[in-house]
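The values are calculated or read from the model by the stated rules, or taken from the named source; none is laboratory data. What you see is a predicted model, and the numbers here were worked out from it, not measured in a lab. Positions of Cβ are backbone-derived with ideal geometry, glycine not excepted, and every protein chain shown enters the neighbour counts.
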Amino acid sequence: MRILKWTAGIVVLLVAGAFLTVAFIGLNPLRGPISRVTEAKTGRELLIQGNLKPVWSWVHPRIRAERISFANPPWAKEKYLITADAVEITLSVLPLFAGRVVLPEVHLEKPVVDLEQDAEGRKSWVLSDQPKKESRVHIHRLTLDHGQLMYDDAVADVSLRADLATDQTGIGFAAKGKYHGLPAAASGHGGPVLALRGNNEPFPLKGEAKIGDTAIKVDGTITEIVGLAGIDMAIQLSGKSMDELYKIIHVAFPTTSAYTTSGHLVRQENMVRYEKFTGKVGESDLAGTFEFDTGGVRPLMKGDLHSKLLDLADLGPVVGTHQPRKSGVLPDAPFDAKRWKSVDADVKLRAGTLRRPEQLPLDDLSTRIRMQDAVLSLDPLEFGTAGGKLAGTIKLDGRQDPIKGDARIRAHTLQLSKLFPTVKVTQASAGNLSGAIELAGTGNSVARLLGSSNGTVGLYMEGGRVSELIMQMAAIDLWGITRVKLRGDRQVAIRCVVGDFGVKDGIMETNALVFDTEVVNISGLGRINLKTEELDLTLVPEPKDPSLASLRTPLYIRGTFSKPKVAPDMKQIAAKGLGAAAMAIINPLLAVIPLLNEGEGKDSDCGALIAELSSQAKSAAAKPPGSASAGASRQAQGAARAK
């Protein structure tokens, strides 16, 4: 027992002696050994030029080092990783036995911190030769008074300088430089304590930043600065186009008009939600929720968006119509399919009212936008239009270069008068159009996809009514026009309207083109070149009633999509005019002979034409887009029936 008492007494005396020695002499004799051990372990110089001494603490050992500097690696631009007038640290003892350094608190006085990453990916703050290895040094809480932070990243093209200043309520900051190559500036105010790791204490943050043309305002809290484990803040976001967000957060968004949004940003582990946001994109309103799951190979973005008023002009940048073309009207701005690999997506979009050109009678929009492994699909895609609807799917495969695109659209009961509201021939018309569009092509823009497409385009209408005067004018039947003028215009029955095209390598070739009424039957043939946007159609009106004065002649539709030209066959008109003049010389009564029309216009085989197109429309929703050969096989049959 005496031995144990003597042993315990000796231990107590030794501990007391060590404590008194440290208290009166300090830890300055350890500065040299600490510097040598640090340099041996890290290859970097650590200098403690001021005092090294303990600071009283009830919980953890606390040490204060004054006038310190720790070197950067030789390849870095700046000499020191950190310099400070003083550093105070608290140390957890037990983790040391496991080879980990846990610092519950670190306080810096006037620090200057320089963090660098070079073009080879080497990081100045990583002390191991294995950059991916988890750090053995963990700092939980960090406080400072005044300081500077510099960050240069040659890989990401980032260069930022921040000044930090402490007041009674926390830390103010102001930063300038560039972020991913874009000019950047930020300022704001945070709490007095940064919770870096292992602490659920939220850090209040209020600030604003501008990166390129994107402006951001935040007001909320962050939990654990390292890894951003928790975020809960109000956020406002605005910019010239959402596609710039790709450079900031590396998630692909479409090119848009100028936008502004505000909402609530929440992060819990791998889930980030931008919830209950509202905003405007151009003249369109937008609201809803975005959700990002960052735990997979790439982020998964889910969204449920709705718009009370969607201006189609704001969708122009999405399909490439925001950049004016030197010639042509089809959207030709290229898709950036390389960015599609940055995110998977599943976003629903509903729009109640569409603002659009008068010539485009669309009422509403509902679609589901999905991106999976760089394959973009709109399925289903539905527009209300002309009293009916367009419904179907569009798929773009960005894994291929050029992009492969498929479209399968079905038209349901479109009202003729509303479908072409600015075309006089339809304004006084009544009837419902249906049909289908099946196209497949390759290309990195809408124009190139259509210019290489194969498939079919078919629309048909059975029944309806149209102005007799308009049909007589289309036939250039002078006698019929005069008769209608004297008697008064009336609505005549439409037997059928059929537009059936086979498409091969971007060339739309007529299988059947018919506008058949009880007084005039107009048939047509020709082609539409989607690649060059040229029109080459011939319409042949055939009156069904005899006429004493008809200049019946083919009508030619030529020119381009942007400048179409419609004109009669002037040679035939001139020939009939000369014939009438010659007959008038012999006998004025004979002048009408070249203008006589026996009214031999025949009825088209509407039933067969419509049955075929109806069958095609029904199958559009059940199979991939049809090939051009299917359209070509019907060409001769359709033309024969039209006659």
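Of all the numbered requirements in (1) touching a Lys or Arg at 6+ places or on another chain (Cβ under 9 Å); (2) surrounded by 21 or more Cβ atoms within 10 Å (Cβ to Cβ); (3) closer than 19 Å to Ser523 by Cα, Leu469 misses one, and that requirement is (2). The residue that is nearest to Asp153 (Cα to Cα), among those in the range 58-80 that are in a strand (DSSP E or B) and of a type in the set (Lys, Arg), is Arg67.
Hey, can you tell me all the residues within the range 502-544 that are within 15 Å of Phe561 (Cβ to Cβ) and either in a strand (DSSP E or B) or aliphatic (A, V, I, L, M) (or both)? Correct list: Ile507, Met508, Gly526, Arg527, Ile528, Asn529, Leu530, Glu534, Leu535, Asp536, Leu537. Among the residues that make up the range 474-494, is at least one of them closer than 30 Å to Leu330 by Cα, in contact with a helix residue (DSSP H, G or I) (Cβ under 8 Å, 6 or more places away or on another chain) and not basic (Lys, Arg)? So far as the range 474-494 goes, yes, one or more of its residues are closer than 30 Å to Leu330 by Cα, in contact with a helix residue (DSSP H, G or I) (Cβ under 8 Å, 6 or more places away or on another chain) and not basic (Lys, Arg). Of all residues in the range 354-403, those satisfying the criterion of being of a type in the set (Ser, Thr, Tyr) and modelled with pLDDT of 90 or more are Ser366, Thr367, Ser377, Thr393. So, in the range 530-571, of the ones that are among the small types (Gly, Ala, Ser) and surrounded by 15 or more Cβ atoms within 10 Å (Cβ to Cβ), which residue ends up modelled with the highest pLDDT? It comes out as Gly559. I need the full set of residues from the range 513-529 which are surrounded by 22 or more Cβ atoms within 10 Å (Cβ to Cβ) and either of a type in the set (Ser, Thr, Tyr) or more than 16 Å from Leu555 (Cα to Cα) (or both), in order please. Those that are surrounded by 22 or more Cβ atoms within 10 Å (Cβ to Cβ) and either of a type in the set (Ser, Thr, Tyr) or more than 16 Å from Leu555 (Cα to Cα) (or both): Thr517, Ser523. Check the range 443-462 and report whether any residue there is acidic (Asp, Glu), within 28 Å of Gly607 (Cβ to Cβ), modelled with pLDDT of 80 or more and not assigned by TED's automatic domain parsing to the domain that holds Leu376. Looking for residues that are acidic (Asp, Glu), within 28 Å of Gly607 (Cβ to Cβ), modelled with pLDDT of 80 or more and not assigned by TED's automatic domain parsing to the domain that holds Leu376, one finds at least one in the range 443-462, hence yes. Listed by first and then second residue, the pairs with beta-carbon distance under 7 Å, at least 6 apart or on different chains, first residue in the range 110-122 and not assigned by TED's automatic domain parsing to the domain that holds His180 and modelled with pLDDT of 90 or more, second of a type in the set (Phe, Trp, Tyr) and surrounded by 14 or more Cβ atoms within 10 Å (Cβ to Cβ), are Asp114/Tyr80; Leu115/Trp125; Leu115/Tyr151.
Considering the range 153-165, and only residues there that are surrounded by 15 or more Cβ atoms within 10 Å (Cβ to Cβ) and within 24 Å of Glu109 (Cβ to Cβ), the residue that is farthest from the chain's Cα centre (by Cα) turns out to be Leu164. For the subset of the range 363-404 comprising residues that are of a type in the set (Lys, Arg) and more than 16 Å from the chain's Cα centre (by Cα), which member is surrounded by the fewest Cβ atoms within 10 Å (Cβ to Cβ)? Per the criteria, the residue is Arg399.
Is it the case, given these coordinates, that Gly147 is buried (at least 17 other Cβ atoms within 10 Å of the Cβ) and in contact (Cβ under 8 Å) with a residue 24 or more places away in the chain? Yes: the conditions hold for Gly147. Residues in the range 480-491 that are buried (at least 19 other Cβ atoms within 10 Å of the Cβ) and touching a residue at least 24 places away in the same chain (Cβ under 8 Å): Gly480 alone.
Modelled with pLDDT of 85 or more and among the β-branched types (Val, Ile, Thr) - does that describe any residue in the range 146-161? There is at least one residue in the range 146-161 that is modelled with pLDDT of 85 or more and among the β-branched types (Val, Ile, Thr).
Per the conditions (1) more than 19 Å from Leu609 (Cβ to Cβ); (2) buried (at least 23 other Cβ atoms within 10 Å of the Cβ), the sole criterion not satisfied by Gly458 is (1). Restricting the range 251-281 to residues that are small (Gly, Ala, Ser) and crowded, with 19+ Cβ neighbours inside 10 Å, the residue that is modelled with the highest pLDDT is Gly263.
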